[in-house]
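> Next up is a structure, given as structure tokens.
The values are calculated or read from the model by the stated rules, or taken from the named source; none is laboratory data. Since the model is a prediction, treat every value here as computed from it, not as a measurement. Cβ sites come from the backbone with ideal geometry, for glycine too, and all protein chains shown count toward neighbours. Only protein heavy atoms, including side chains, enter the accessible area calculation; ligands, DNA and RNA are left aside. Shrake-Rupley method; radii C 1.70, N 1.55, O 1.52, S 1.80 Å.
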Amino acid sequence: MSPGAPEGAHVRIGIDTGGTFTDVVAVDERSGRVVTTKTPSTPADPAEGFLAGIDKVLVAMGLDGTAVSAVSHGTTVATNKLLEGKVENLGFITTEGYRHVLEIARQSVPDGYGNSYFWVKPPRIVPADRVRTVGGRLAVDGSEVRPFDEAEAVAAARFFRDLGISTIGVCFLHSYADPGHELAMREVLTREHPDATVSISSEVLREYREYERSVTTLVDAAVKPNIRRYVQNIAARLADYAGGASVPFYVMKSNGGVLSAAEVVHQPITTVLSGPAAGALGAAVVARAAGVDRVLTCDGGGTSTDVTVVVNGRPALTTEGTVGAYPSKIPMIDVVTVGAGGGSIAWVTPEGTLKVGPQSAGADPGPVCYGHGGSEPTITDAHLVLGRIPPHLLGGEVPLDAEAARASVAALADRLGIEASACANGILEISAWNQANALRQISVKRGLDVRDFTLVTFGGSGSLLACRLADVLGLDGVLVPPDPGNLSAYGLLTVDVRNDYVRTLVARQSRLDHPRMAGVVAELTAQADAALEREGFAAADRRFERTADVRYYGQAFEVRVPVPDGPMDALLTDLVAQAFHDEHRTLYGYDLRSDPRQEVEWVNLRVTGVGPIRTPQLPPATSGTGAQAARTGTRRADFGDGWCEAALYDRALLGAGDEVDGPAVVEEFGSTVPVHPGFRVVVDGHRNLRITRTDRRPS
């Protein structure tokens with residue numbers, strides 16, 4: 001049971017709010033029963049869709065709100081604010097002499113240095129006229145070079161108060177080594193500008209690299225008011241729904257863990273990209289149960305498709321991510337996002353070229369076939385025109401207007417001078433290659449061969465191009481889990497509470513101060529332990545994972561490697577150095593362990609506190625009696641090679657061992673799987689659809 005669950009409550013619920021639909025999964029912790037559903041998202045007030053989803057799934061279970069023991073939620077509130085560029089009324093306070101740290105930024109230029117003549121630096125997250133500096137200076141080791149200038153701090157606080165700027169980020173030079181000056185600045189702001197929302201870098205990201213630390217702190221400050229209002233609103237309404245009981249409410253973090261609502265309002269930046277993180281973790285659980293240890297995930301939603309890589313059940317993490325235009329150094333699952341969701345709009349460039357995305361029709365007005373006012377053809381419209389999806393979604397709850405979809409695709413085809421079916425196929429082919437390129441990027445950049453992986457497709461639109469992706473990437477197979485449209489919501493129920501703590505401590509291997517390192521690790525572990533205690537976990541249940549960011553001396557970026565349990569002595573640090581050599585060879589094809597001139601350098605020490613939450617068990621599939629029993633009819637469809645009669649199957653009626661040969665379409669409540677000619681689907685013992693080619697042909 002979840003810590004703090006109300007007496008007698010026994011249903012855990014996962015809710016993933018997407019651009020088009022809100023996905024819901026409920027697990028009865030007594031019986032193991034799993035119930036899934038979807039409800040339309042409500043962008044104007046996401047809490048409405050959230051509560052509607054809870055109500056719908058509990059009605060399906062014959063229960064009321066008092067049965068809810070915990071709710072885990074993946075939210076896009078922070079992500080959307082950043083992607084839409086809605087960052088305003090923000091102020092920045094930094095060290096005297098460093099006013100232009102945001103303007104200088106980094107020297108990197110998008111698309112390579114050949115673009116230097118044409119690239120225009122985008123606006124900074126805070127314009128220069130809203131940056132104030134304060135006297136005082138720390139050295140790299142945290143010792144004080146010049147004292148904190150309180151008079152200048154008061155002037156800065158009053159400047160922002162008088163301008164009406166109430167969201168402020170503070171980042172002083174080397175404050176990762178000693179937070180004293182930043183804490184003093186926050187005290188001044190609290191006294192002089194009590195209405196201000198403040199983030200300080202020593203609490204958001206306690207590691208070096210001033211530009212990234214500054215931007216990460218400012219992003220945290222920018223989204224804090226939105227996240228606070230959203231989470232507190234839902235928590236209050238959830239308590240009302242549960243008859244006044246305080247229901248544990250967790251929010252998904254981008255590092256692959258969850259955090260309680262009470263804690264997440266203090267760490268809002270950790271929720272960015274939380275939706276993709278939940279999907280990757282759900283895919284990892286499903287794949288591991290199926291005996292697959294090397295997985296590429298493809299999470300297709302209404303607005304975009306997110307891809308990541310999972311090896312041995314663990315999604316890859318990065319601290320070099322970005323959210324929109326803003327770099328972020330917080331740990332996050334390494335996700336590549338491409339604008340190729342079901343609502344992505346097809347359009348023609350001035351040169352007469354067909355393009356797809358990144359613009360999306362979203363949930364409102366949605367694709368043309370939804371009949372809600374959409375006028376531009378989308379990927380969903382193309383699938384409907386080609387007969388690859390049924391004339392309704394969600395078991396008939398959302399009827400689709402096929403004629404309107406055909407008219408919109410035909411109008412686009414006329415502009416291109418081609419047939420409507422060719423235009424629809426072109427839309428889907430472009431979408432498939434966009435997804436394939438993202439999958440190559442996430443694998444090849446890590447030194448991995450995409451052909452060694454199984455593709456796991458999920459999300460409402462993730463499986464629609466599964467067969468084409470298998471061809472383009474040369475994959476041996478594709479795995480489609482049960483209820484793929486709800487896998488991200490299921491993933492929310494499989495994750496533990498996780499808190500990350502980091503400290504920069506730069507030193508070469510031969511000059512390591514082992515007692516100092518041990519002290520830093522002990523301090524980070526104590527912080528993680530205190531956070532887990534606040535979350536309600538017993539001391540015996542708390543776990544701690546140690547890692548280090550390491551590089552060769554002179555390199556600019558690091559490789560993260562695990563630090564084994566035990567005292568931080570020379571023996572242990574030598575083991576970490578050997579692990580670094582091995583990981584460096586895996587990533588880049590070489591290592592320098594045999595060159596005594598190339599010394600290993602430690603940069604950051606990290607501790608992650610883990611509070612385990614029980615993972616629901618995947619129910620086994622019943623034995624099949626033959627796919628014919630699940631066949632519901634036929635429909636004319638075009639899979640890229642012309643029109644044919646495709647057999648239709650109800651996935652709910654397929655059992656373990658059943659086989660379906662293409663051309664076919666496997667339909668279920670929240671998703672559809674088109675099976676192209678030359679492909680076969682086999683249902684495995686965990687109810688997954690395993691797709692393979694029955695013949696071989698070039699992509």
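> When the residues of the range 396-421 are filtered to those that are assigned to a helix (DSSP H, G or I) and exposed (fewer than 14 other Cβ atoms within 10 Å of the Cβ), which remaining residue is modelled with the lowest pLDDT? Reasoning before the result, please.
We begin by selecting, within the range 396-421, every residue assigned to a helix (DSSP H, G or I); these are 396, 402-416, 420-421.
Then drop every residue that is not exposed (fewer than 14 other Cβ atoms within 10 Å of the Cβ), which leaves 396, 403, 414-415.
Details: G396: 69, E403: 94, D414: 94, R415: 92.
Checking each candidate, the answer is G396.
> If you check every pair at least six apart or on different chains, which have Cβ atoms under 7 Å apart with a residue in the range 628-656 that is closer than 22 Å to D471 by Cβ first and a residue that is among the β-branched types (V, I, T) and open to solvent by less than 20 Å² (accessible area, probe 1.4 Å) second?
A637/V665; A646/V665; Y649/V660; Y649/V666
> Here's something else I'd like to know. Looking only at the range 649-665, filter to residues that are touching an Asp or Glu at 6+ places or on another chain (Cβ under 8 Å) and in a strand (DSSP E or B); which one of those is farthest from H392 (Cα to Cα)? Step through it out loud before you land on a result.
Within the range 649-665, the subset touching an Asp or Glu at 6+ places or on another chain (Cβ under 8 Å) is 649-652, 656, 663.
Filter once more, keeping what is in a strand (DSSP E or B): 649-650, 656.
Working: Y649: 15, D650: 14, A656: 27 Å.
Restricting to residues being touching an Asp or Glu at 6+ places or on another chain (Cβ under 8 Å) and in a strand (DSSP E or B), the top hit is A656.
> Sticking with this structure for a sec: Failed condition for G566, given (1) modelled with pLDDT of 95 or more; (2) within 24 Å of D500 (Cα to Cα), with all others met?
In the conditions (1) modelled with pLDDT of 95 or more; (2) within 24 Å of D500 (Cα to Cα), G566 misses (1) alone.
> Answer yes or no as to whether L205 is open to solvent by less than 10 Å² (accessible area, probe 1.4 Å), within 20 Å of R606 (Cβ to Cβ) and at pLDDT below 85. Give the derivation first.
Details: open to solvent by less than 10 Å² (accessible area, probe 1.4 Å): yes; within 20 Å of R606 (Cβ to Cβ): yes; at pLDDT below 85: no.
No, not satisfied.
> While we're on this one: Which residue is surrounded by the fewest Cβ atoms within 10 Å (Cβ to Cβ), if the candidates are limited to the range 189-202 and must be among the polar types (S, T, N, Q) and outside any helix (DSSP H, G or I)?
Applying the first criterion (among the polar types (S, T, N, Q)) to the range 189-202 yields 190, 197, 199, 201-202.
Okay, now just the ones that are also outside any helix (DSSP H, G or I), so 197, 199.
Numbers: T197: 17, S199: 27.
The selected residue is T197.
> For the range 453-466, check the following and say yes or no: at least one residue is open to solvent by 10 Å² or more (accessible area, probe 1.4 Å) and outside any loop (DSSP other than H, G, I, E, B).
Yes, the conditions are met somewhere in the range 453-466.
> Among residues belonging to the range 174-183 that are over 14 Å from R146 (Cα atoms) and touching a residue at least 24 places away in the same chain (Cβ under 8 Å), point out the one that is surrounded by the most Cβ atoms within 10 Å (Cβ to Cβ).
Step by step, filter the range 174-183, then rank; the result is Y176.
> Still on this model: Mind checking which residues of the range 369-392 are without any contact (Cβ under 8 Å) to a residue 24 or more places away in the chain and open to solvent by 30 Å² or more (accessible area, probe 1.4 Å)?
If the condition is that a residue be without any contact (Cβ under 8 Å) to a residue 24 or more places away in the chain and open to solvent by 30 Å² or more (accessible area, probe 1.4 Å), then H372, G373, P391, H392 are the ones that fit.
> Turning to a different aspect of this structure: Looking at the range 157-171 only, could you name the residues that are open to solvent by less than 60 Å² (accessible area, probe 1.4 Å) and either without any contact (Cβ under 8 Å) to a residue 24 or more places away in the chain or under 36 Å from the mean Cα position of the chain (by Cα) (or both)? Please lay out each step first, then the result.
Of the range 157-171, the ones open to solvent by less than 60 Å² (accessible area, probe 1.4 Å) are 157, 159-160, 164-171.
Of everything in the range 157-171, those that are open to solvent by less than 60 Å² (accessible area, probe 1.4 Å) and either without any contact (Cβ under 8 Å) to a residue 24 or more places away in the chain or under 36 Å from the mean Cα position of the chain (by Cα) (or both) turn out to be A157, F160, G164, I165, S166, T167, I168, G169, V170, C171.
> Conditions: (1) touching a strand residue (DSSP E or B) at 6+ places or on another chain (Cβ under 7 Å); (2) within 23 Å of W433 (Cα to Cα). V272 meets all but one. Number of the miss?
The failed condition is (2).
> While we're looking at this one, here's another question. State whether the residues of the range 253-267 include one that is charged (D, E, K, R), modelled with pLDDT of 85 or more and open to solvent by less than 10 Å² (accessible area, probe 1.4 Å).
Applying the first criterion (charged (D, E, K, R)) to the range 253-267 yields 253, 263.
Next, from what is left, pick out any that are modelled with pLDDT of 85 or more: 253.
If we keep only those that are open to solvent by less than 10 Å² (accessible area, probe 1.4 Å) as well, we get 253.
Taking every residue of the range 253-267 in turn, at least one turns out to be charged (D, E, K, R), modelled with pLDDT of 85 or more and open to solvent by less than 10 Å² (accessible area, probe 1.4 Å).
> For the range 538-580, enumerate the residues that are more than 25 Å from V610 (Cβ to Cβ) and of a type in the set (D, E).
The answer is D574, and nothing else.
> Could you figure out which of (1) within 30 Å of L259 (Cβ to Cβ); (2) more than 21 Å from the chain's Cα centre (by Cα) isn't true of L493?
Evaluating L493 over (1) within 30 Å of L259 (Cβ to Cβ); (2) more than 21 Å from the chain's Cα centre (by Cα) leaves (2) as the failure.
> Go through the range 271-299 residue by residue and tally those that are at pLDDT 85 or above and not hydrophobic (A, V, I, L, M, F, W, C).
So the count comes out to 8.
> Out of everything in the range 539-563 that is farther than 30 Å from Q509 by Cα and free of Cβ contacts under 8 Å to residues at least 24 places away in the same chain, what residue ends up being most open to solvent (accessible area, probe 1.4 Å)?
Residues of the range 539-563 that are farther than 30 Å from Q509 by Cα, as a first pass: 539-542.
Subset that is free of Cβ contacts under 8 Å to residues at least 24 places away in the same chain: 539-540.
Numbers: A539: 73, A540: 98 Å².
Restricting to residues being farther than 30 Å from Q509 by Cα and free of Cβ contacts under 8 Å to residues at least 24 places away in the same chain, the top hit is A540.
> Pairs, please: C-beta under 6 Å, at least 6 apart or cross-chain, first residue over 18 Å from V398 (Cα atoms) and in the range 26-50, second of a type in the set (D, E, K, R)?
Between residues of the range 26-50 that are over 18 Å from V398 (Cα atoms) and residues that are of a type in the set (D, E, K, R), the close pairs are V27/R12.
> Scan the range 164-178 and give yes if some residue there is assigned to a helix (DSSP H, G or I) and over 27 Å from Q555 (Cα atoms), otherwise no. First the steps, then the outcome.
Step one: of the range 164-178, the residues assigned to a helix (DSSP H, G or I) are none.
No, that holds for no residue.
> Just checking, how many residues over the range 270-296 are more than 19 Å from G321 (Cβ to Cβ) and open to solvent by 10 Å² or more (accessible area, probe 1.4 Å)?
8
> Out of (1) modelled with pLDDT of 90 or more; (2) under 32 Å from the mean Cα position of the chain (by Cα); (3) closer than 30 Å to H10 by Cβ, what's the single condition that is false for V666?
Answer for V666: the failing condition is (3).
> While we're here: Which one is nearest to the chain's Cα centre (by Cα) among residues in the range 422-448 that are open to solvent by 20 Å² or more (accessible area, probe 1.4 Å) and farther than 21 Å from V385 by Cα?
Q441
> Being open to solvent by 10 Å² or more (accessible area, probe 1.4 Å), touching a strand residue (DSSP E or B) at 6+ places or on another chain (Cβ under 8 Å) and of a type in the set (D, E, K, R) is the requirement here; does K224 meet it? Full working, then the answer.
Details: open to solvent by 10 Å² or more (accessible area, probe 1.4 Å): yes; touching a strand residue (DSSP E or B) at 6+ places or on another chain (Cβ under 8 Å): yes; of a type in the set (D, E, K, R): yes.
Here the answer is yes, as K224 does meet what is asked.
> Considering only residues of the range 297-317 that are closer than 19 Å to L428 by Cα and open to solvent by 10 Å² or more (accessible area, probe 1.4 Å), which is nearest to the chain's Cα centre (by Cα)?
Here the residue is D306.
> Same structure again: Could you identify the single residue in A531, A522 that is at negative phi, of a type in the set (A, V, I, L, M) and open to solvent by 30 Å² or more (accessible area, probe 1.4 Å)? Explain how you work it out, then say what you get.
Values: A531 fails: open to solvent by 30 Å² or more (accessible area, probe 1.4 Å).
Testing whether each residue is at negative phi, of a type in the set (A, V, I, L, M) and open to solvent by 30 Å² or more (accessible area, probe 1.4 Å) leaves just A522.
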